[in-house]
Amino acid sequence: MIVGALAGLILCFFISVPIQFAIILIIFSAFSALAPDIDHSSSKIRQIADFTVPVFSLFFAFFSTCSDFSCVVANWMEIIKTALIFTGVYAIIMIYLKPKHRGITHTILFSFIYGAILFFLAGWYFALAGFVGYFSHLLADRHIRLI
C-alpha cells in the first residue's frame, strides 16, 4: 500500500489536481496496489472484496436501475437479480476459476484491463490512479510479465 500511495502521490504531482482530490486519488492508488493479490485467498484485498462485492453490487444495481428511492418498490426484483448476477460472477471466478497466485493478475495486460474497467466505472482520474497503484505492485514484486 505504501508503494501504491507513493505512486499515486507522484501521479497527482504530474497531473496537477487540487489537494483535496489528490488525497482521494492517493488513497485509491494505495488500495489499487493491493488488487493484484486478489488471487491469493488470504490476502487483505481478497478478504475486503469477499465482503464488499455483494454490497457494491447491490448499490450498482440500485443506481443503474433507479434515479431515486421511489422506484425501489417497482424494480426491487431487477435490482436484486442484477446484484446477484454480479456477486455470482465474482464468486464463480474466485472459487471455481481461481487464478493461480502471481498468474494473470500479475501481468501488465491485467493492469490495463483494471484501468479500463475503472475508466468505464469512474473516469480518467480514477483509472490513472488505479492503474498506477496496480502497476506499482508489479514493480515492487519485481514480477512483471506482459501476459
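Read the figures in this text as sums done on the coordinates, not as results from a lab. The structure presented is a predicted model; accordingly, all values stated were derived computationally and were not measured. Virtual Cβ from ideal backbone geometry, glycine too; neighbours counted across all protein chains shown.
Net charge around Gln47, counting only other residues with Cβ within less than 14 Å of its Cβ (Lys, Arg = +1; Asp, Glu = -1)?
Once all neighbours under 14 Å are counted, the net charge is -1.
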Worksheet item: Quick one: if you stick a label point 7 Å off each Cα along the C-beta vector at Phe51 and Phe69, how many nm between them?
Response: 2.5 nm
Item to complete: Treat the count of other C-beta atoms within 10 Å as a stand-in for reagent exposure and order Ile15, Ile79 from fewest to most.
Response: Ile15, Ile79
Worksheet, complete the sentence: Kirkwood Rh over alpha-carbon pairs of the chain plugged into Stokes-Einstein at 20 °C, 1.002 mPa s gives a D in µm²/s of 131 µm²/s
Fill in: Helical contribution to [θ] at 222 nm, DSSP H n ≥ 4, -39,500 (n - 2.57), averaged over the chain, rounded to 500
-24500 deg cm²/dmol
Worksheet item: In what sequence, highest mean first, do 3-9, 51-57, 105-111, 30-36 appear when ranked by Cβ atoms within 10 angstrom?
Response: 30-36, 3-9, 105-111, 51-57
